[in-house]
Structures are given as C-alpha cells and as structure tokens.
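J.: I'd like to ask some things about the structure below.
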Amino acid sequence: MTVQTDIFAEWAAQVLAVRSGRWQPERDRAFWHEKAAHYDAGQPPLPNTVAWLRERLTGADSLLDVGAGTGRLTLPLADAAARVTALDHSPDMLAVLRGKGPPAHLDMRCQELADALQDPTLAPHDAVLSAWSLAYLPDLRAALTGLLRLARRDLYLLEDDGLGSPHVTLRRQLAGQPRAQRASSLRRALHALGESPEHRPITEERELTFPDTAALLAQTRLPLPDAEALAFLLPYLTPEGGGWRYRWTFDVHVLHVPVRERP
Ligand SMILES: C[S@@+](CC[C@H](N)C(=O)[O-])C[C@H]1O[C@@H](n2cnc3c(N)ncnc32)[C@H](O)[C@@H]1O
C-alpha cells in the first residue's frame, strides 16, 4: 500500500515546529534585524548560479526577486532585466541593499509576501525569483500559487537540500538532526500543483582560510577529539602558510517553472 503524504501539510508541520517561531513575520524580521549587517560576510558568492540565471533572464522586461535580502542575487542580475523589484519584509536587509547603491531601475518594496500577493499594485513580472526565502512560510500552497500567478514567463526557486559545509553536515548528523530537504519538498509541492519544474543542480565552491589548526577547529566546532576532527576535515584541506585552506563544493538546486504557455 502506498501512503500518500500531503506535502503542504508536511511542510507546514515542519515550519510550525521550528523553535525560533520564525513563521511569525515579526520574529523573522527580528532575526534579520540582528543578522542583516553581517549576512553578506557569511554567505558564499554564487558565480555559477548567477551566470546560469543571467543567461536565462537576459532580455526580460521585468524581474521580481522575492525575499531579495541584501541583493546577493538581485544586484548581479539587475542589468539583465529592464525593471527589477526587490521585495522583502525586512527593512534591515533592504537597508543593506540600499547601502550598495542599487541601479535606478531597481525598485525596493518592503512588504510581507502574503500581503504582496493580495496587493493589486504588485503587477506580474516576466521572471519571478525566490532564493532561500520560503523556508518559514507555513502556507506553501498559497505562496507558490501566488508566485506562479505573478510570473509571466518563468518562476525560479532556489534552495539547497541541507547539504552545506562538511563540518555542519557532520555536526547535524552527530546530533541526530534530520537535514532539511527543502529543495526536494519544493519540487514535490510544485508537482502537487500540477507543475513539472526543470530541476537543475548547480555546483558552487566555498573556501575558507585559517591561520592555524586551532582556528580551524574552533570554527568547525566538531564534537570530536581534535585528531578525529582533523582526520575528517583532511580531504577538504590544503596546507597554506602554516595554516589551512578549507574548500568544499555544494549544490544549489534551481527549480525552474516555465509559464509561457499560460493564458
Ligand atoms: C535567507 S535570506 C535570502 C536572501 C537572498 N534571497 C539571498 O539568497 O541572499 C531570506 C530573505 O527572505 C526574506 N523573507 C522571509 N520571509 C519573507 C516573507 N514572508 N515576506 C517577505 N520577505 C521574506 C527575509 O527577510 C530575508 O531577507
């Protein structure tokens, strides 16, 4: 017997179980209030993902980036479209974006997604992008249906599948924490809505350098004896100037829904 699970109920249960309560918009905004100033420093650049998206966006009349944050993707993609809207509910994240001097054709919109989806002043855009911004929305069905409605040509959802750095992945495994498989969940959710998204994993590289072994172990915080932690990390390490270069790859999962054929 096959047990059919409702992906939307499953997603909502996971979101509502998060201890931080970030499914409440004011909690999520408070989180970003604390993090906004340091967000960019902790994020890897995504050159391959940007290049892939730029190629597809070029010539688009308009791009809507939902949960644009500090503009990590919005800014390098901005010159591919004639008009760009950066929507985010965090004034702090948008303040960082504003501080980078966005181009004149980029409009910043500080609004909760659920409100924006009911707001007739938010017109459809050729392309809609949402990168790591749906994670705390309990009503995924409403969010995706709304994004599909706003996308005239293409919807792009970007997520990872909970496999990031080797040390965080191992820490979670050792703590018995299941990894969030959001990319797979989004894919199932789109299928449940009758869509057939193209799934494109794009490999990116991350690199950190450490002046010595103590600094490496302090940052990776593996709950193992030092020698075991170092043995685990070794395949990703290259000695450099008495310290270490720590390099790994990870996949960004792009789900692309072409919506051209819709009336
Ligand atoms: C993890 S950050 C990703 C930012 C950017 N897309 C990137 O890839 O760097 C998630 C962003 O989504 C925004 N966000 C989360 N939930 C939102 C909602 N319900 N409405 C509007 N923005 C939201 C947050 O404020 C935050 O800036």
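J.: What is the stretch 1-109's relative contact order, in percent, from Cα pairs under 8 angstrom and six or more apart in sequence? Intermediate results must be reported in sequence, preceding the final value.
T.: Numbers: 116 pairs, mean separation 26.0, N = 109.
Relative contact order, the stretch 1-109: 24 percent.
J.: Further question on the same structure: Counting only the backbone N, which residues of the stretch 134-166 are under 19 Å from the spot 7 Å out from the Cα of His199 toward its beta-carbon?
T.: Inside the label zone: 134-135, 141, 144, 155-164.
J.: Any idea how far the Cα center of the stretch 202-263 sits from the one of the stretch 18-63, in Å?
T.: If we compute the Cα centre of each part, the gap is 19 Å.
J.: Counting C-alpha atoms alone, how compact is the stretch 35-135: give Rg to one decimal and Dmax as a whole number, in angstrom.
T.: In order Rg, Dmax, the Cα atoms of the stretch 35-135 give 12.8, 36 Å.
J.: Please list, in chain and number order, the residues 5+ apart from Met108 or on another chain whose amide H is under 5 Å from its amide H, with Hs placed from the backbone.
T.: Distant-sequence amide H within range of Met108: Ala86.
J.: Using the 2.2 N^0.38 Å rule of thumb for compact globular proteins, work out how the chain stacks up: its C-alpha Rg over that value, please. Please report the intermediate quantities before stating the final value.
T.: Details: Rg = 19.6 Å, N = 263, 2.2 N^0.38 = 18.3 Å.
Relative to the 2.2 N^0.38 Å estimate, the chain comes out at 1.07.
J.: Ordered by residue, what ³J(HN,Hα) values in Hz, to whole numbers, does the stretch 174-190 give under the Karplus form 6.51 cos²θ - 1.76 cosθ + 1.60, where θ = phi - 60° and Gly and Pro are x?
T.: Each residue's phi maps through the Karplus curve to give 5, 7, x, 8, x, 7, 6, 10, 5, 4, 5, 5, 5, 5, 4, 5, 5 Hz.
J.: Once fully extended, how much extra length lies between His105 and Leu237, figured as 0.36 nm per residue of separation less the alpha-carbon to alpha-carbon distance?
T.: Working: separation 132, 0.36 × 132 = 47.52 nm, distance 4.30 nm.
Contour length minus the Cα-Cα distance gives 43.2 nm.
J.: Within the stretch 98-162, report the trypsin sites (Lys or Arg not before Pro) that DSSP leaves as loop and that have at most 13 other Cβ atoms within 10 Å. If you can, show how the numbers build up before the last one.
T.: Details: sites: Arg98, Lys100, Arg109, Arg141, Arg149, Arg152, Arg153; in loops: Lys100.
Loop-located and lightly packed - Lys100.
J.: Subtract the Cα-Cα distance of Asp61 and Arg98 from 0.36 nm times their separation in residues, and report this length gain in nm to one decimal. Each step should come with its number before you reach the end.
T.: Numbers: separation 37, 0.36 × 37 = 13.32 nm, distance 2.20 nm.
Full extension of this stretch gives 11.1 nm more.
J.: Still on this model: D for the stretch 110-209, whole µm²/s, Stokes-Einstein with Kirkwood Rh over alpha-carbon pairs at 4 °C and 1.567 mPa s: what number? Before the final figure, lay out the partial values.
T.: Details: Rh = 15.5 Å.
Rounded to a whole number, D works out at 84 µm²/s.
J.: Let me ask you something else. Roughly what angle does helix 47-57 make with the longest principal axis of the chain, taking Cα atoms, 0 to 90 degrees, to the nearest 10?
T.: Tilt of helix 47-57: around 10 degrees.
J.: Given Cβ point charges of +1 (Lys, Arg) and -1 (Asp, Glu) and nothing else, what value in debye, to the nearest 20, does the dipole of the stretch 124-199 about its Cα centre take? Walk me through the numbers before you get to the answer.
T.: On the way: 10 positive and 8 negative charges, 45 e Å.
My answer is approximately 220 debye.
J.: Of the peptides 38-51, 183-196, how do they stack up when ordered by the mean number of other Cβ atoms within 10 Å, highest first?
T.: Values: 38-51: 13.6, 183-196: 17.1.
For the peptides 38-51, 183-196, the packing ranking is 183-196, 38-51.
Bear in mind these aren't lab numbers, they're just calculated from the coordinates by the rules spelled out. As the structure is a prediction and not an experimental result, all values here were calculated from the model. Backbone-built Cβ (ideal geometry, glycine too); neighbour counts: all protein chains shown.
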